[in-house]
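Chemist: One structure, pasted below without further comment.
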Amino acid sequence: MKKEDTPMITVQQHIHNEQHRFPDASGTFSSILSGIVIASKVIQAKVRNAGLSDILGSVDQVNVQGEVQQKLDVYANDALVHYLSVRESIGVLASEENEEPIIVHQGSDGAKYAVVFDPLDGSSNIDLSIGVGTIFSIFRRPKGVTLDDPEDWVLQPGDQQVAAGYVLYGSSTILVYTAGQGVHGFTLEPSVGAFMLSHPNIRIPDTGSYYSINEAYREIMPQPYVDFVDGIRAGSLGRTYSLRFIGSMVADVHRTLLRGGIFMYPSTRDFPEGRLRLLYEANPIAFIVEQAGGQATDGHRRIMEIEPHAIHQRIPLMVGGKEEMDKLHATVAAASSS
Ligand code: P6P
């Protein structure tokens, strides 16, 4: 059978194949991920024609982050809450857009999972037709925890994630996820309305040719990161690099995952704890990047080892291929020991 005649695998078929990795969950994993798949199709339909419908701009409200909520932020959040809340297996939802966790299926014994998400990362780019993304992370309820303590369902280190991923609404719409057995990408085929396997077993190259950081913060970030960037530009890794920084982390990370290199958002004077969120940005991205053979740290520690203390906790985030990340860590360590 010619390649183009090979029947494509949909994400539902792929998830079903993964199902056996969840021994205590008959169909649960499929049900949760299918909720995210449906929500992402609804979101992408709005993103695709945002310029034509009254969906651009802000709702004149400020979210828990103190950021002006874009209409599409609210729409995306509502879609994810709606399609996930109908899954009996989910007990708790936590979103960038909601200060407190959302309890669903109060009292249902079947509720064993929590889903944490950033419904629309990069939303400041929405009006500019620049790629934005949905990021999600799935946890099992810790033993002995009930719905009386919804935060305890999600305040878990990233190593406890059972699955994680993102949807990039870019020149095409691609869902990338891991359930701990490699990283797989599915591109939405609009004529069919299905996510089809397009990037099986993604591996991040050990070396790349892009570095990604907002260099406007050069004067207000820790010196080792400035030294690392200056070194890269001076050829410290033996090759020429290009700077790419889109301002939508999902898009910048997706390029890093496929092409290699490094994405960095270190702490700055304005964001001493880092700008990005540990639970629903750094952890899911870290799971994906590590499963693809890369590294994800705060410059010192693996992101997925960090014990969270608050749902909206911020963290510095560095992700990339082995060579760039090893060089960064050596630069940071040398500065610490001098
Ligand atoms: P800055 C988008 O708002 C976001 O959270 C990430 O997607 C992106 O990498 C970062 O902020 C950009 O932040 O400070 O460079 O505008």
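The values are calculated or read from the model by the stated rules, or taken from the named source; none is laboratory data. As the structure is a prediction and not an experimental result, all values here were calculated from the model. Virtual Cβ from ideal backbone geometry, glycine too; neighbours counted across all protein chains shown. Only protein heavy atoms, including side chains, enter the accessible area calculation; ligands, DNA and RNA are left aside. Shrake-Rupley method; radii C 1.70, N 1.55, O 1.52, S 1.80 Å.
Chemist: Is the C-alpha gyration tensor of the chain telling us rounded, prolate or oblate? Criteria: a/c under 1.5 is rounded; beyond that, a/b larger than b/c is prolate, otherwise oblate.
Modeler: Verdict is rounded for the chain.
Chemist: Would you kindly find the accessible area of residue 237, with a 1.4 Å probe and non-protein molecules such as ligands, DNA and RNA excluded, rounding to the nearest 10 Å²?
Modeler: 20 Å²
Chemist: Note the angle between two axes, namely the Cα long axis of helix 223-233 and the longest principal axis of the Cα atoms of the chain, as a number of degrees from 0 to 90, rounded to the nearest 10.
Modeler: On a 0 to 90 degree scale, this one is about 80.
Chemist: Now, a different point. State the number of lysine pairs found in the chain whose Cα atoms come within less than 26 Å, restricting to pairs 8 or more positions apart or on distinct chains.
Modeler: Details: 41/71; 41/112; 46/71; 112/143.
Close lysine pairs under the 26 Å cut-off: 4.
Chemist: Shifting gears a bit: Helix 28-48: angle to the longest alpha-carbon principal axis of the chain, degrees 0 to 90, nearest 10?
Modeler: The angle comes out near 70 degrees.
Chemist: Then there's this: Regarding the range 167-239, what whole-number volume in Å³ per residue does the convex hull of its Cα atoms give?
Modeler: Roughly 154 Å³ of hull volume per residue.
Chemist: How large, in Å, is the range 7-199 by the Kirkwood hydrodynamic radius built from its alpha-carbon pairs?
Modeler: 17.1 Å
Chemist: With all protein chains present and a 1.4 Å probe, how do 186, 271 order by accessible area, largest first? Please list the in-between numbers first.
Modeler: Values: 186 0, 271 55 Å².
Order by accessible area, largest first: 271, 186.
Chemist: With springs only between Cα atoms under 10 Å apart, run a GNM on the chain and tell me which of 205, 308, 272 wobbles the most.
Modeler: 272
Chemist: Ordering 323, 307 by accessible area with a probe of 1.4 Å, largest first, what comes out? Numbers along the way, then the final one.
Modeler: On the way: 323 60, 307 120 Å².
Per-residue accessible area, sorted high to low, gives 307, 323.
Chemist: If each DSSP helix of 4+ residues adds -39,500 (n - 2.57) and the sum is divided by the residues in the chain, what number results at 222 nm, nearest 500 deg cm²/dmol?
Modeler: Details: 8 runs with 96 residues, N = 338.
Result for the chain, helices only: -9000 deg cm²/dmol.
Chemist: Now for a different question. Taking the Cα centre of the chain as origin, sum charge times position over the Cβ atoms of Lys and Arg (+1) and Asp and Glu (-1), and report the length of that vector in debye to the nearest 20. Don't jump to the answer; show the numbers that get you there.
Modeler: Numbers: 27 positive and 40 negative charges, 223 e Å.
Dipole magnitude for the chain comes out near 1060 debye.
Chemist: If you don't mind, there's one more thing I want to ask. Tally the DSSP beta bridges in the range 210-337 and give the antiparallel ones as a percent, rounded to 5.
Modeler: Numbers: 9 of 13 bridges.
Roughly 70 percent of the beta bridges in the range 210-337 run antiparallel, per DSSP.
Chemist: Then there's this: Please state the shape class of the range 21-106: rounded when a/c is under 1.5, otherwise prolate if a/b exceeds b/c and oblate if not, all from the C-alpha gyration tensor. If you can, show how the numbers build up before the last one.
Modeler: Details: a/c = 3.35, a/b = 1.62, b/c = 2.07.
Note, shape of the range 21-106 comes out oblate.
Chemist: Roughly how big is the range 7-199's charge dipole about its Cα centre, with Cβ charges of +1 (Lys, Arg) and -1 (Asp, Glu), in debye to the nearest 20?
Modeler: Details: 10 positive and 22 negative charges, 165 e Å.
Result for the range 7-199 is approximately 800 debye, rounded to the nearest 20.
Chemist: Then there is this: On the Cα set of the range 210-337, report Rg and Dmax in Å, please.
Modeler: Taking only Cα atoms of the range 210-337, I get Rg and Dmax of 13.4, 41 Å.
Chemist: With a 1.4 Å probe and all protein chains left in place, how much accessible area per residue does the chain have, in Å²? Don't jump to the answer; show the numbers that get you there.
Modeler: Values: 14210 Å² over 338 residues.
That works out to 42 Å² for each residue.
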